[in-house]
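The values are calculated or read from the model by the stated rules, or taken from the named source; none is laboratory data. Predicted, not measured: the structure shown is a model, and the values here were computed from it. So basically every Cβ, Gly included, is an ideal-geometry build from the backbone, and we count neighbours across all protein chains shown.
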Amino acid sequence: MNFVIKRAGLVAAGALFFLGYLGGCATSPQTRLLVDNPPNIPAQVELIEVPFFPQLEYHCGPSSLASVINYRGTPVEPDQIAQMIYVPGLKGSLQIEVEAATRQFDMLPVQLDGKLESLLRELAAGNPIFVLQNLGLDSIPVWHYEVVVGYDLTERVIILRSGVDARVLRSFALFEKTWQRADHWALVVVSVDTVPATASADAYLDAVIGMEQVGRIDTANHAYSTALRRWPQNLLAHTGLGNSAYALGEFVAAESAYRSALMIDPQKAELWNNLAYVLAQLGQHESSMDAIGRALELDPDNRNFKDSYNELANWQ
Amino acid sequence: MLVKKLLQCLLIAAAVIAVSLPSRAAMVDTAQLQANKVVRDFGSITAQRDWIKEQLVAGGVDAADASLRVVALTDAQVLKIHQRIDQEPAGGNTLVIIFLILVITELMGVTDIIPNWPAK
């Protein structure tokens, strides 16, 4: 008996030493930054309207996603989402499937930049955040999806919907550690008329291009317009607007989008190529040949443009 | 009823047109223009999708569901996950843990497996 207790003591001492090495010395630089330079946002925010779905065993992914999707006004049960993202063998859900499922609801999964301050800014703008956490250690991971619904700058706590708890408080410092162990992974789920407060153009367009790629063209088209309201000079957004309009058969809109893009960068050969196609669709054969000519001038050896030239020359 | 059926057919037809239009023409798609992000090798991406589907089915996902789920992934996502599916974090709160160590880390406030405990 004594021996067992002694052994436990030894293990504990060993574990403590190990931890000192592993995580005990870990600091929370972002928390310190926040405390030293508090951002210009309300001291407390809590999005109490974010619905809570207590999770079934291992179903934190479906419950958390159901929470943010319902918040945007589309009713869905965690069970339905489980069918889209849960993998029984993994006892969990993969991040890429979380994003894929979000698109199925015509909502954009937009990645945040990994800054604690950005989470708070999103909350202040009314956006709950879907996060991955590693509640354990790097060497003993305990993966968990949660929804961040609030913060308190004075108390220095994050407020979460987590597992079977509708309201969990976690200190900034601890949250920073558990989040950092999950690579600061965070999504804001928005409908196509909204850009998350802190999203970069790249992160937002990444989500929109994903939508376009899986064939939700109409949704993507709408989101490209939204992107252009925030970033009017973004070449990729103009191009995406043109491509999605073209795919929808809205050729006049497509032409106008490509021309706007070419005003920003007239040297972009791909845009001349695509403009050539839209002009062909509009029955403007001569202008179409001019446009593909411009693409070939800029990039004479491009096989794709040569194919385009041949196809457009024989356009019916 | 007939109207509803017709409407469905129309929707399907519209979807097919939407997808087939750009492929007819040598259009450059948006993902290609996004700097160096997409490998234009459809053959290998299709094979990788099949592989992911096999993994999902092996993981206990219904085969019909797995087909739908794989289609919902973008090329970039397929490339990201391929051959690493078992190394990815899968959020699910798996409690296969070394209990003693984690109790101590909880007390130290380094982990948070038991929410709201100890009181913070």
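The table for this structure:
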| quantity | calculated |
| --- | --- |
| Residue satisfying all of: in the range A:158-176; aliphatic (A, V, I, L, M) and outside any strand (DSSP E or B); nearest to B:Met108 (Cα to Cα) among these | A:Leu174 |
| Qualifying residue in the range A:177-186 (condition: in the same structural domain as A:Val149 (by TED's automatic domain parsing), surrounded by 20 or more Cβ atoms within 10 Å (Cβ to Cβ) and part of a strand (DSSP E or B)) | yes |
| Selected residue (criterion: nearest to the other protein chains (Cβ to nearest Cβ)) from residues of the range A:226-247 that are in contact (Cβ under 8 Å) with a residue 12 or more places away in the chain and not in a helix (DSSP H, G or I) | A:Asn234 |
| Tabulated pairs, the range A:152-176, first more than 9 Å from chain B (Cβ to nearest Cβ), second part of a loop (DSSP other than H, G, I, E, B) and charged (D, E, K, R), C-beta under 8 angstrom, 6+ apart or interchain | A:Phe172/A:Arg156 |
| Residue within the range B:61-73 that is more than 24 Å from A:Val208 (Cβ to Cβ), at pLDDT 60 or above, crowded, with 16+ Cβ neighbours inside 10 Å and of a type in the set (Val, Ile, Thr) present | yes |
| Those helices (runs of 4 or more DSSP H) lying entirely in the range A:248-308 with at least 3 residues away from chain B (no Cβ under 13 Å) and surrounded by fewer than 17 Cβ atoms within 10 Å (Cβ to Cβ) | A:251-264, A:285-298 |
| Residues of the range B:89-114 that turn out to be part of a loop (DSSP other than H, G, I, E, B), modelled with pLDDT of 65 or more and crowded, with 18+ Cβ neighbours inside 10 Å, as a count | 5 |
| Meets criteria (within 12 Å of chain B (Cβ to nearest Cβ) and touching a helix residue (DSSP H, G or I) at 6+ places or on another chain (Cβ under 9 Å)) for A:Val192 | no |
| Given (1) outside any loop (DSSP other than H, G, I, E, B); (2) more than 10 Å from every other protein chain (Cβ to nearest Cβ), number of the condition A:Thr198 does not satisfy | (1) |
| Selection status of A:Ser118, away from every other protein chain (no Cβ under 14 Å), assigned to a helix (DSSP H, G or I) and not charged (D, E, K, R) | yes |
| Scope the range A:207-225; condition farther than 10 Å from A:Leu241 by Cβ, of a type in the set (Val, Ile, Thr) and either assigned to a helix (DSSP H, G or I) or touching a strand residue (DSSP E or B) at 6+ places or on another chain (Cβ under 9 Å) (or both); matching residues | A:Ile209, A:Ile217, A:Thr219 |
| Some residue of the range A:202-209 being in contact (Cβ under 8 Å) with a residue 60 or more places away in the chain, within 11 Å of chain B (Cβ to nearest Cβ) and charged (D, E, K, R) | yes |
| Enumeration of residues in the range A:134-151 that are more than 8 Å from chain B (Cβ to nearest Cβ) and either among the aromatic types (Phe, Trp, Tyr) or out of contact with any Pro (no Cβ under 7 Å at 6 or more places or on another chain) (or both) | A:Asp138, A:Ser139, A:Glu146, A:Gly150, A:Tyr151 |
